[in-house]
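The values are calculated or read from the model by the stated rules, or taken from the named source; none is laboratory data. This one's a predicted model, so the numbers in the text were calculated from it and none came from an experiment. Using ideal geometry, Cβ is built from the backbone for each residue, glycine included, and neighbour counts are taken over all protein chains shown.
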Amino acid sequence: MNREKKILIVGQGLAGTLLSQQLYKRGIEFHFIDNAHQAASTKVAAGLINPITGRRYIKSWLIDELLPEALEQYQAFEKLLGIQIVYQKNILRTLRNPKQINLWDDASTRPGYTSYMEEHPDAENFEKFVADPCRYAEVKNSYRINISLLIEQYQKWLLGKDILSLDTFDFEKLLVNNQVVEYNGVEYASVIFCQGHASLQNPFFGELGFQLAKGQVLTLKFDDFTSQKILRDDIFFASDHKGQFWCGGGYYWAFEDDKPTKEWRAEWEEKIKAITKLPYTIVEHKAAIRPCVLDRKPLLGRHTTHENLVLFNGLGTKGTSLGPYFAKHLIEHLFDGKNLMSEVDWRRYIKP
Ligand SMILES: Cc1cc2nc3c(=O)[nH]c(=O)nc-3n(C[C@H](O)[C@H](O)[C@H](O)COP(=O)(O)OP(=O)(O)OC[C@H]3O[C@@H](n4cnc5c(N)ncnc54)[C@H](O)[C@@H]3O)c2cc1C
């Protein structure tokens with residue numbers, strides 16, 4: 001890759017932000033274009049790193065490698081920007097029936113699981129929160145990263161250095177040849193697209209592999225309840241440093257837009273009231289579209305004919321943990337010639 005010219009990064013959500021830090025560390029110049037985080041999934045996410053997921057309590061793919069890389073990179077951003085974004089918060093899981101108890105007990109004896117699973121946790125004051133008594137277990141070594149604050153503060157940092165244009169990338173203004181790419185009359189070594197779900201409108205990479213999922217979230221404030229830990233019952237109640245709770249999720253594969261809906265809010269409030277009888281107020285209701293992929297693995301790599309067009313996307317439901325590791329992996333591929341892991345190479349979706 002041509003090191004004389006800058007790299008243009010399209011999209012300053014979590015993916016673009018993490019990728020740029022890998023370039024920065026290597027002294028490679030870059031410029032961002034981002035349409036002011038319009039519809040950025042990163043602004044809505046809880047930012048959880050949850051090593052044990054799902055109803056069968058399975059260890060997240062590659063978590064032993066992803067976690068240390070993520071902590072190192074997010075802590076570096078804390079230093080750079082002078083903010084706190086990393087919060088170590090264990091996740092209490094309610095076990096409500098013999099099936100859940102058996103599945104938990106089976107999982108917790110598997111090799112490599114003990115550092116993430118606690119059988120007899122301190123339930124803090126959740127016994128007062130959860131209406132129906134139940135057993136609790138705990139996912140250890142889990143984190144909440146304030147990725148929304150990260151991209152907001154990093155945006156300011158970039159603007160201060162004049163390396164971010166708040167604008168919509170216009171494909172009509174892009175000229176591509178083998179050595180350089182030209183955008184809006186300026187030559188770049190390459191363009192790396194980190195557009196989240198908007199990647200579907202990208203004429204070079206398009207829809208390959210994507211299976212987008214809309215999610216929504218309520219920010220809740222309880223009159224007389226705060227906690228350090230996160231609760232995962234039927235749904236998540238993820239505490240923050242302000243005493244509020246991120247409560248959301250849901251996967252909608254068919255949707256008209258990325259706007260919050262009354263129907264989802266009513267459905268979610270029923271779920272909340274089935275878990276807790278404590279009174280609360282809704283501070284905010286937001287929605288966004290996750291850049292999910294059919295096989296739940298990221299989409300990375302160069303375009304097949306235009307080598308200087310690159311994709312970094314598909315962070316799906318786990319961008320907070322996958323993003324740092326795979327940003328580094330992509331940069332090592334582009335600059336050190338390391339092979340891309342076949343599981344994340346976007347070309348796996350090209351039909352032969
Ligand atoms: C409800 C919900 C809960 C979630 N919870 C979690 C969680 O707990 N843990 C977790 O790990 N992940 C979670 N996620 C997923 C997480 O949000 C994503 O994995 C991650 O944020 C994706 O980052 P991204 O940079 O790829 O995309 P985005 O954040 O969407 O960023 C893309 C950026 O590109 C810009 N852009 C796009 N096209 C253009 C263009 N043509 N011109 C200029 N700019 C452009 C957009 O404005 C945006 O700023 C959640 C998502 C949702 C919706």
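Residues that are touching a helix residue (DSSP H, G or I) at 6+ places or on another chain (Cβ under 9 Å), more than 16 Å from the ligand (Cβ to nearest atom) and within 30 Å of SER239 (Cβ to Cβ) occur in the stretch 136-151; there is at least one.
Here LEU278, LEU300 are screened, and the one residue that is closer than 24 Å to SER148 by Cβ and not small (Gly, Ala, Ser) is LEU300. Please go through the stretch 98-149 and pick out each residue that is modelled with pLDDT of 95 or more and at positive phi. Scanning the stretch 98-149 gives a single hit, ASN141. Take the residues in the stretch 297-322 that are under 12 Å from the mean Cα position of the chain (by Cα) and part of a loop (DSSP other than H, G, I, E, B), then tell me which one is nearest to the ligand (Cβ to nearest atom). That would be LEU315. Considered as a group, the residues in the stretch 92-103 that are of a type outside the set (D, E, K, R) and under 24 Å from THR320 (Cβ atoms) include one that is surrounded by the fewest Cβ atoms within 10 Å (Cβ to Cβ), and that residue is THR94. Filtered by the rule that a residue be free of Cβ contacts under 8 Å to residues at least 60 places away in the same chain, assigned to a helix (DSSP H, G or I) and farther than 19 Å from SER60 by Cα, the stretch 323-352 gives GLU332, HIS333, ASP336, ARG347. Looking at the stretch 199-212, which of the residues that are buried (at least 21 other Cβ atoms within 10 Å of the Cβ) and within 11 Å of the ligand (Cβ to nearest atom) is farthest from LYS297 (Cα to Cα)? Here the residue is SER199. Checked across the stretch 65-75, the condition of being away from the ligand (no atom under 16 Å from the Cβ), of a type in the set (S, T, N, Q) and free of Cβ contacts under 8 Å to residues at least 12 places away in the same chain holds for at least one residue. The lone criterion from (1) more than 14 Å from the ligand (Cβ to nearest atom); (2) within 23 Å of the chain's Cα centre (by Cα); (3) surrounded by 14 or more Cβ atoms within 10 Å (Cβ to Cβ) left unmet by LYS89 is number (1). Considering only residues in the stretch 242-258 that are surrounded by 11 or more Cβ atoms within 10 Å (Cβ to Cβ) and over 19 Å from the mean Cα position of the chain (by Cα), the one that is nearest to ALA45 (Cα to Cα) turns out to be GLN244. Of the residues making up the stretch 160-191, those that are within 15 Å of the ligand (Cβ to nearest atom), assigned to a loop (DSSP other than H, G, I, E, B) and among the hydrophobic types (A, V, I, L, M, F, W, C) number 2.
Applying the condition of being away from the ligand (no atom under 14 Å from the Cβ) and either under 14 Å from the mean Cα position of the chain (by Cα) or at negative phi (or both) to the stretch 27-51 and asking which residue is surrounded by the most Cβ atoms within 10 Å (Cβ to Cβ) yields PHE30.
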